[in-house]
Amino acid sequence: MNANDKLGAYVLLAMHGFKKDEIKDIMKKVESDLEKAKEGAE
């Protein structure tokens with residue numbers, strides 16, 4: 001996930017009323033899931 005993707009996801013979550021702490025938790029989970037998917041693809 002590049003910086004533009006992260007910013008876009010952050011903005012969308014913020015627009016939908018998520019709080020900063022909630023967004024941080026969601027972004028950590030997304031990063032973790034992406035790493036797992038990347039490892040699974042190899």
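Is there any pair with a first residue in region 19-38 that is at negative phi and modelled with pLDDT of 95 or more and a second that is among the aromatic types (Phe, Trp, Tyr) and part of a helix (DSSP H, G or I) whose Cβ atoms are under 8 Å apart and which are 6 or more apart or on different chains, and what are they?
ILE23/TYR10; MET27/TYR10
Do you know which residues across region 10-24 are surrounded by 13 or more Cβ atoms within 10 Å (Cβ to Cβ) and not in a helix (DSSP H, G or I)?
Across region 10-24, the qualifying residue is only PHE18.
The values are calculated or read from the model by the stated rules, or taken from the named source; none is laboratory data. Bear in mind that the values here come from a model prediction, so they are computed numbers and not experimental data. Here the Cβ is made from the backbone with ideal geometry for all residues, glycine too, and neighbour counts use every protein chain on show.
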